[in-house]
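Report on the following structure.
Computed from the coordinates by the stated procedures, all read-outs in this text should not be read as laboratory data. From a predicted model like this one, the values you see are computed outputs, not experimental measurements. Please note: Cβ atoms are built from the backbone with ideal geometry, for glycine as well, and neighbour counts cover all protein chains shown.
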Amino acid sequence: MTMNKEGRPTRPEVAAAGPAPTFTGNRALMLEEPLLFEIGDGETTGVDFDPASPAGDDRLGGLRRNRPIGLAGLSEPQTVRHYTRLSRQNYAIDLGLFPLGSCTMKHNPRLCERMARLPGFADIHPMQPVDTVQGALELIVELGRWLVTLTGMHSVAMSPKAGAHGELCGLLAIRAALEARGDARQVVLVPESAHGTNPATAAFVRYRVESIPANARGRVDLEALRSRLGPDVAAVMITNPNTCGLFEPDMVAISDLVHAAGGLVYCDGANFNAIVGRVRPGDLGIDAMHINLHKTFSTPHGGGGPGAGPVVFSEALTPFAPLPFVERQGDHYALVEEENAGEHHGSSFGRMVAFHGQMGMFSRALAYILSHGADGLRQVSGDAVLNANYVLRRLEDVLDAPFGASGPCMHEALFSDKGFAEGLSTLDLAKGLIDEGYHPMTMYFPLVVHGAMLVEPTETESKAALDEFIGALRSVVERAKAGDESLKAAPFHAPRRRLDETQAARKPVLVWKESPAAEAAE
Ligand SMILES: Cc1ncc(COP(=O)(O)O)c(C=O)c1O
């Protein structure tokens with residue numbers, strides 16, 4: 001951040017755009033905020049504790065701090081303002097519709113938040129004796145029971161920490177099952193429209209990844225799959241509904257083909273929110289599937305992932321599921337670990353995480369499920385699909401919908417950049433949408449569509465909210481088609497203008513240095 005001569009932060013990009021810079025760098029409610037290190041100092045503190053111990057006290061065995069540790073100290077009001085100002089520079093689902101496709105940003109009911117904050121759930125520690133957390137373990141078992149019932153599968157591993165972690169869990173179980181029968185298959189087939197985590201996971205487990213093309217209707221090309229299957233194929237990883245927002249109607253045929261060739265079927269269940277209450281993946285021949293709790297059961301997104309990606313397993317894969325897991329034993333809930341697993345669980349591929357699961361997400365997800373009930377969940381998926389189709393049909397006269405002609409979509413609507421004026425791109429459109437007060441939709445994904453825009457409105461938006469969003473998007477699309485060059489400089493009204501995204505990805509500055517001299521000294 002640059003400072004003016006009074007030592008206040010300035011906004012150089014605002015100055016460059018025309019208006020005279022202000023004394024503070026602020027513009028009305030667009031407030032600048034320096035880093036904590038720039039506003040704090042080593043002398044200030046927000047708490048009133050007495051000094052830890054008198055000089056000479058050696059209770060720390062010589063480990064007493066003897067120089068400042070370089071952390072910024074702030075008073076409580078400074079701290080509150082710092083974080084409140086930062087939070088106002090962010091877009092959030094609590095501010096408006098968040099159309100990110102594939103990421104499912106939907107309202108987190110406050111009832112679920114309240115449940116998660118009950119001290120009995122929020123304040124427990126993973127090292128507590130099992131006898132003192134019986135209620136929490138019961139909650140995990142009850143949530144698992146719902147997940148197994150809704151998916152029609154046989155068992156569930158609750159410990160994976162995210163969707164991608166769930167993929168890893170599923171593939172490790174598949175590998176263990178194949179190894180148990182002495183079958184060293186080496187290839188995992190992944191449709192070309194798959195989420196990037198699918199091939200990454202397969203490669204991480206040391207499988208060779210091969211791509212299966214999509215057909216003209218955006219679905220897996222069944223003939224291409226049939227001709228590639230063979231004794232070297234360990235598994236197929238397939239997303240259903242897929243990342244084009246389309247249901248794979250040949251799923252049973254796909255599973256049968258894979259099983260007949262001796263392989264196993266992994267389903268990326270991230271999009272379960274489109275079919276919950278209507279389709280049970282267990283009926284489609286799936287062997288393992290992860291569920292992103294944040295997408296289907298409305299736990300908040302954060303920190304790069306939902307923090308819980310339970311995996312449901314078929315009967316055949318259940319013995320290979322990870323430890324630990326929670327089991328009801330009589331009137332007691334027990335954590336089954338390696339040492340008490342017994343022969344029954346002797347084939348488990350092992351442990352993935354230090355502790356069992358993510359209580360904050362589990363309590364929210366179960367509260368969501370119980371507050372909706374089975375009928376309510378069925379309506380959730382119906383409304384999600386209805387909203388996406390409304391967006392699709394209301395925009396297809398101005399935007400190209402590559403698979404629009406092949407029927408309704410599922411929970412997300414996919415568009416391409418066809419028809420944009422020369423020189424204007426999906427990125428420019430997305431930046432223009434920021435000036436309309438919306439977070440952009442997912443861009444350039446899936447890769448099978450040129451300049452892709454994937455819009456997932458979710459079931460929690462009203463028709464009025466959808467109409468407003470559609471109106472804003474239409475207006476930016478019309479500018480992109482008319483060749484409005486000003487879009488190339490958008491956004492104009494955000495706390496920051498265009499960032500150098502390549503530099504941000506290639507040379508991220510993640511550490512604050514007091515001064516160039518301090519940096520040089522390190
Ligand atoms: C289709 C699909 N698969 C996998 C993932 C990975 O999930 P996570 O971000 O929880 O690791 C996502 C994320 O949204 C997804 O949309």
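Data overview
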item: Rel. contact order, % - alpha carbon contacts under 8 angstrom, at least six apart, the range 135-366; result: 29 percent
item: Rg over Rh, two decimals, the range 135-366 (C-alpha only, Kirkwood Rh); result: 0.95
item: DSSP bridge pairs, the chain: antiparallel proportion in percent, nearest 5; result: 55 percent
item: Estimated D of the range 344-474 in µm² per second, where Rh is the Kirkwood radius over Cα pairs and Stokes-Einstein applies at 20 °C, 1.002 mPa s; result: 123 µm²/s
item: Extended-chain gain in nm, criterion 0.36 nm per residue less alpha-carbon gap, Val130 and Glu338; result: 73.3 nm
item: Förster radius 60 Å - calculated FRET efficiency between Ala20 and Val47 (Cβ-Cβ, nearest 0.05); result: 0.90
item: Estimated distance in nm for a label pair at Tyr444 and Leu35, the labels positioned 7 Å out from Cα along Cα-to-Cβ; result: 2.7 nm
item: At 1.567 mPa s and 4 °C, Stokes D of the chain from Kirkwood alpha-carbon radius, µm² per second; result: 50 µm²/s
item: Mean separation of Cα contacts under 8 Å (6+ apart) over length of the chain, as relative contact order %; result: 17 percent
item: Net length gained if the chain between Glu514 and Arg65 were fully extended (0.36 nm per residue, minus Cα distance); result: 159.6 nm
item: Candidate aspartates and glutamates for bridging to Lys463, where Cα separation is under 15 Å - those fewer than 8 sequence places away on the same chain excluded; result: Asp383
item: Pairwise FRET efficiency - Phe355 versus Thr84, Cβ, R0 = 25 Å, nearest 0.05; result: 0.15
item: Residues whose placed amide H lies under 5 Å from that of Met289, excluding near-sequence neighbours; result: Cys267, Val312
item: Qualifying GluC sites (Glu not before Pro) for the range 449-517 [loop in DSSP, other Cβ within 10 Å: at most 13]; result: Glu514
item: Dmax and Rg, reported as Rg then Dmax, of the range 272-380 (C-alpha, Å); result: 15.4, 43
item: The range 394-447: equivalent-ellipsoid semi-axes (sqrt of 5 x gyration tensor eigenvalues, Cα, Å); result: 20, 14, 11
item: The range 134-217: relative contact order as a whole-number percent, Cα under 8 Å and 6+ apart; result: 23 percent
item: Distance (nanometres) between label positions extended 7 Å along Cα→Cβ at Lys507 and Glu422; result: 3.4 nm
item: Net lengthening on full extension, Glu478/Asp283 (0.36 nm per residue, minus Cα-Cα); result: 65.8 nm
item: Antiparallel content of DSSP bridges confined to the range 315-462, in %, to 5; result: 90 percent
item: Burial ranking of peptide ranges 178-187, 377-386, 121-130 (average Cβ count within 10 Å, highest at the top); result: 377-386, 178-187, 121-130
item: Principal axes of the range 142-261: Cα extent on each, largest first, Å; result: 42, 35, 25
item: Calculated FRET efficiency for the pair Arg114/Arg181, C-beta based, R₀ 51 Å, to 0.05; result: 0.60
